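The values are calculated or read from the model by the stated rules, or taken from the named source; none is laboratory data. What you see is a predicted model, and the numbers here were worked out from it, not measured in a lab. In this analysis, Cβ positions are derived from the backbone assuming ideal geometry, glycine residues included, and neighbour counts consider all displayed protein chains. Accessible surface is based on the protein model in full, side chains and every heavy atom, while ligands, DNA and RNA are left aside. Shrake-Rupley method; radii C 1.70, N 1.55, O 1.52, S 1.80 Å.
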Amino acid sequence: MQKAPAEFELLLSEWAEWKMDAGTGPLGYPSSAAFTRCAGGGLPDYVPDIDRARVCGAVNDAIVAVGGIHQGVIETVYFWRGLIGIRKAMEKYQVSQRTIYNWLDDARFVVWQEFISLQKMKKPLDTGIATI
């Protein structure tokens, strides 16, 4: 199974925080609600002068374009963060933890490929991640 670059997971974490900061969290609660705040994330320090909204918007475009189970798994896992996200996805889809991890790996790769494809059609973003 092919995998997305490890750095792409940082962009997905940053995307989740960006979505939460956009006004409402994944459940419709205000992003200022204490339980909707997620820890960690942040764009890589080694990438200079990145426009957060532009990068996260591009990641969001890729996630929405892929849609389906890939979008659902990424949203559930990254909005809830860590093991809680994995457990929420297990409940949502009624599958095992191993299946969720397999789906998540596949979703990251598919979204990464879509992200790269969309960047080839637009002015490419300098994310600091090699595009293969």
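Key figures
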{"quantity": "Matching entry among VAL55, VAL47, VAL95 (being part of a loop (DSSP other than H, G, I, E, B) and modelled with pLDDT of 85 or more)", "calculated": "VAL95"}
{"quantity": "Residue satisfying condition, being modelled with pLDDT of 95 or more, of a type in the set (A, V, I, L, M) and either part of a helix (DSSP H, G or I) or open to solvent by less than 80 Å² (accessible area, probe 1.4 Å) (or both), within set ILE116, ILE129, ILE74", "calculated": "ILE74"}
{"quantity": "Close pairs (7 angstrom Cβ cut-off, 6 or more residues apart or separate chains): in contact (Cβ under 8 Å) with a residue 40 or more places away in the chain in the stretch 81-98, open to solvent by less than 50 Å² (accessible area, probe 1.4 Å) and in a loop (DSSP other than H, G, I, E, B) anywhere", "calculated": "ARG81/CYS38"}
{"quantity": "Which listed residue, of VAL59, VAL64, is within 11 Å of the chain's Cα centre (by Cα) and surrounded by fewer than 15 Cβ atoms within 10 Å (Cβ to Cβ)", "calculated": "VAL64"}
